[in-house]
Amino acid sequence: MLLACSHCVALGGFDIGRDIYKTMLDNQRAKLSDVMIPDIATYTAAFRLYAQAQADPMPILEVDLMASKLDVDVPLVTTLLHYLAAGPGKDDNTFRIIASAAFNLPLIGAPHHKFKKDTKFVAFLKSQAPNLRLSTKALDVILRFLNHSRDPNGINIIKYLQDKNELDGLLDPGIARLCVYMFCMVKNMDQTAIQFIESLPRRIFDGDKKAGGLGSKSEFLSHVAWKGVSRKSTPDEEKQRLVDIVVKICSQDFKEAAVSGSFRQNIEDNMVTYSHTITNCLNVLLVASTMHSKSNTEKYGRDYGIFAARIASFYCVPALKALSNPNIYGEGRKFIWGYEAILTVSSKCFERGINAMSSSEIRRQLRRRNEREDGEEKDGSQ
């Protein structure tokens, strides 16, 4: 009932839900065991109700819950973390304290963070920590918060869970993606990220066949490559290894994606994976086309530029057709961002590819003219 009220706050649901919750608290104080008495799920639902109505929900936990002497459960902590991370009560400092206290994690914070002293509620959570097992949903909230904050301390959590042999049981494709993002925030961890990807359980990539060739593994590897080649501190040898990974993806996985049934349907069914993989790979090829600026490797730079244009031409056609469809602003609105991302980087690839092809053609014509002039001079001298 409380959750139903939280979904219709604008229609007066908050007032109804608040009255129900207060009635349940009165029943508890009167020790009426044969009527509605709040359990831990009640406090979680009430917290969501108050948060949805933008009323302060913290007294529900800090006063009512603590007075009830009930044990905290993981869904309640996850709801609290979500509220502190992205809800009306956004509080980065408190989020870090609560996450660390509830799940006994390494302190989530950089050295410059000044943490408040433990409140009674934080102390209460710490006492409950032995009974709380980190869930996939809770880990997802924590890693998303750290990724959004550009805080690489998520690596400490990943390693902590790996050491306890708990990470594999919590992984899903979304958390695996966030773990890769964590590794890519730190310099010189490209190979560590690649090793992590290669060690992921096979179930993480179960959906790759349905994606028509471009699956999660391609996406993760291309992200590592893009972050690595775009970082100035990455050695040239390492950049070339990362470029080679992308070339392999483009040569194998992209070809498989092209012959796997409905091309546009594959994109829309797997928009995150497709758009990320395509844009990552094209961006890497663009960087590769500028890496070889010396005369002895200039040909490779032109080849990468032309290759990028060929890949871009392959994917921009269905993107343009989709965006020209009037229905894209109805049912297909949720796909617009992916198509636009593909087209944005494709335009750069076309420019680079045309320049590469033009310059190679100009050089070819100049070489032929020089050879012809040399031949005429030899004939004249004879």
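For the reader, a short list of remarks on this structure follows.
- Pairs of Lys in the range 142-250 closer than 28 Å at Cα, counting only those 8 or more apart or on different chains: 25
- Across the accessible surface of the range 47-174, with the other protein chains kept in place and a 1.4 Å probe, carbon and sulfur atoms take up 51 percent.
- Ranked order, Tyr304, Tyr339 - accessible area, probe 1.4 Å, largest first: Tyr304, Tyr339
The values are calculated or read from the model by the stated rules, or taken from the named source; none is laboratory data. These figures come from a predicted structure and were not determined experimentally. Keep in mind that these areas ignore ligands, DNA and RNA; they rest on the heavy atoms of the full protein, side chains included. Shrake-Rupley method; radii C 1.70, N 1.55, O 1.52, S 1.80 Å.
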